[in-house]
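The values are calculated or read from the model by the stated rules, or taken from the named source; none is laboratory data. Since we're looking at a predicted model, the values are computed, not measured. Ideal geometry is used to build each Cβ from the backbone, glycine not excepted, and the neighbour counts take in all protein chains shown. What goes into the accessible areas is simple: the full protein's heavy atoms, side chains included, and nothing from ligands, DNA or RNA. Shrake-Rupley method; radii C 1.70, N 1.55, O 1.52, S 1.80 Å.
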Amino acid sequence: MGQIIMHVDVNSAFLSWTAAYEKQIGIERDIRNVPSVIGGNEENRHGIVLAKSVPAKKYKIQTGESLFEARNKCPNLLIVPPDYRVYVKASKALREFFKSYTPEVQIFSIDECFLRFTDISREEAVSLSYEIKDSVREKFGYTVNVGVSTNKLLAKQAGDLEKPDKCHTIFVDEIKEKLWVLPVEDLFMVGRRTKPKLNKWGIYTIGDLANADYQLISSVLKSHGRMIYNYAWGRDNSIFKAKDPIKSVGNSSTLKFNVTDKQTAHVILLSLTEMTAWRLREANMNCRVVSVSIKDSSFGYAAKQRKLMYFTDCTRDIYMNICDLFDGLWDKRPIRQLGVSVSDLEYSNIKQINIFQDELSVKNEILDKAVDKIRAKYGDESVIRGVFANSDFKPLLGGYPDDDYPGMGSIL
């Protein structure tokens, strides 16, 4: 018996998780059965389609297009705002469920995981893939696709063959039959820029690429060409990483309006820092580097970071340094987006008092942990800072947590 890898992908994840959550809280509609999309708030400048239902696909609505375009295609389109906290909780719950089958679970993105098995046969793996797929539907109320193979690349390609609620295999002996017949753009890491180049050379299928002149592909497309050539043959030497170490924790937010004064910017930075520091403490980690980023109304970008004299998870300490960095970085241009992140992290269940910390810093660390417990029990906004009372600013800002759930990339 050799290695078996499964790739599990949640079908229309944001939409599926929203539908399952609505059912849990007693909302009778099922947004999966009507033309609907998960889309950002256009007034807040987040107006794009993030996920779409199967009925919405019939109107040729595309993920990533503007809500304005989507509504032109389907005037009665139901638009549901995203709730990233629901998605994060759903993703973590699913990942914990997978660990009941194998401890080796690698996150690929917020809605995709790889599972590794070393003690089952090919036939057993196929049977288990159906068990996992059906168990997810019964336990969580949404569907997934499962791809099965001997490496991550082929497992992912298998999982993408036909959706939704399907299991597929692409083993080495099935590459010619199942992989090579697909359009070349269906190969992982062949994007919209690479496809025309390959088509120009008469390469229209993955099989065409596999049987193309390797020297030509390598000389023109360089390392990327060599990679996709090997992918066409199902070759993937990437290492399975059951747990990627968190390198940074951060939040950013595109603002409802352009910020033009320092006081307002500081309030927003406090909200971002509150969420960032809270998640840092949830992970039992401390940071020694803090950074702030600014995107202005003309989409100009600037960022600055600072290494602290000690490791900390204290909201106050992080915030004071973030504000100081911001004041030195901002050039007074109207601000469209602000971001806060912390890095140079260390795990620490027991934290020693540092000589560089003042007494107020130590007291605030204790206060932070007390507030965390209250929020965990009674809700995120059960305790808020006075500056957010009777204001239009959210006391805890921050959406998609990039540190926990990396976006898909070339690294399998």
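For segment 121-217, with every protein chain kept in place, what is the accessible area per residue (1.4 Å probe, Å²)? Don't jump to the answer; show the numbers that get you there.
Working: 4710 Å² over 97 residues.
I get 49 Å² per residue for this part.
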Residue 129 - accessible surface, heavy atoms, 1.4 Å probe, Å² rounded to 10: 0
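In what sequence, largest accessible area first, do 178, 332 appear using a 1.4 Å probe?
332, 178
Restricting things to Cα coordinates, could you compute the convex hull volume per residue of segment 70-157 in Å³?
Values: hull volume 11.8 nm³, N = 88.
Considering the Cα atoms of segment 70-157, their hull volume per residue is 134 Å³.
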Where only C-alpha atoms are counted, convex hull volume of segment 1-123 per residue in Å³: 136
For segment 295-306, just list the computed ³J(HN,Hα) in residue order, Karplus coefficients 6.51, -1.76 and 1.60, θ = phi - 60°, integers in Hz, with x standing in for Gly and Pro. 10, 8, 5, 9, 6, x, 10, 8, 8, 8, 10, 9
What number does segment 234-316 give for Rg over Rh if you use C-alpha atoms and the Kirkwood radius? 1.09
Segment 198-268-segment 107-174 distance, computed between alpha-carbon centres (Å): 22
Considering every Cα-Cα pair within segment 123-205, what fraction, in whole percent, is farther apart than 19 Å? 45
Under 5 Å, built H, 5+ apart or other chain: amide partners of residue 167: 146
Förster radius 22 Å - calculated FRET efficiency between residue 124 and residue 230, Cβ distance, rounded to 0.05: 0.20
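Taking 0.36 nm per residue of separation and subtracting the Cα-Cα distance, what length does fully extending residue 372 through residue 134 add?
Numbers: separation 238, 0.36 × 238 = 85.68 nm, distance 3.63 nm.
Result for the pair: 82.1 nm of gain on full extension.
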Mind checking the log10 I(q)/I(0) for segment 276-349 at q = 0.12, 0.21 Å⁻¹? Debye, one equal scatterer per Cα, no solvent, two decimals. -0.34, -0.85
Taking only the alpha-carbon positions of segment 157-236 as identical scatterers, the Debye log10 I(q)/I(0) at q = 0.21, 0.22, 0.25, 0.26 Å⁻¹ comes out as -0.91, -0.98, -1.22, -1.30
Please compute the length gained on full extension between residue 237 and residue 162, using 0.36 nm multiplied by the number of residues separating them and subtracting their Cα-Cα distance. 24.5 nm
Integer Hz, Karplus 6.51/-1.76/1.60 couplings in order for segment 137-149, x for Gly and Pro: 4, 6, 7, 10, x, 9, 10, 9, 9, 10, x, 10, 6
Of the options 136, 105, 389, report the single residue whose Cα projects farthest towards the positive end of the charge dipole of the chain (beta-carbon charges: Lys, Arg +1; Asp, Glu -1). 389
With a 1.4 Å probe and every protein chain left in place, tell me how much accessible area residue 152 has, in Å² to the nearest 10. 10
Using a 1.4 angstrom probe and counting only protein chains, how large is the accessible area of residue 50 in Å², to 10? 50
Positive-end extreme of charge dipole, segment 53-204 - chosen from 94, 194, 115 (charges on Cβ): 194
The chain - Rg over Rh from alpha carbon coordinates, Kirkwood radius: 1.00
Spacing of the two label points (7 Å from each Cα toward its C-beta) at residue 172 and residue 329, in nm: 4.9
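List, in the order given, every pair from 163/241; 304/332; 304/369; 92/363; 241/295; 295/394 whose Cα-Cα distance in the structure shown is over 23 Å.
Values: 163/241 26 Å; 304/332 16 Å; 304/369 28 Å; 92/363 32 Å; 241/295 34 Å; 295/394 20 Å.
Flagged as over cut-off: 163/241; 304/369; 92/363; 241/295.
Given the alpha-carbon gyration tensor of segment 128-263, what are the semi-axes of its equivalent ellipsoid in whole angstrom, ordered largest first, with each equal to the square root of 5 times an eigenvalue? Please list the in-between numbers first.
Numbers: eigenvalues 205, 141, 48 Å².
Gyration-tensor ellipsoid for segment 128-263: 32, 27, 15 Å.
DSSP loop (so not H, G, I, E, B), at most 11 other Cβ within 10 Å: list which chymotrypsin sites (Phe, Trp or Tyr not before Pro) in segment 72-110 pass both filters.
Details: sites: 84, 87, 97, 98, 101, 108; in loops: 101.
Counting only loop positions with at most 11 other Cβ atoms within 10 Å, none of the chymotrypsin sites (Phe, Trp or Tyr not before Pro) in segment 72-110 qualifies.
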Karplus couplings for segment 99-113 from phi (6.51 cos²θ - 1.76 cosθ + 1.60, θ = phi - 60°), rounded to Hz, Gly and Pro as x? 5, 6, 9, 7, x, 8, 10, 10, 6, 10, 7, 4, 10, 9, 9
Which of 301, 231 is most accessible, then next, and so on - probe 1.4 Å: 301, 231
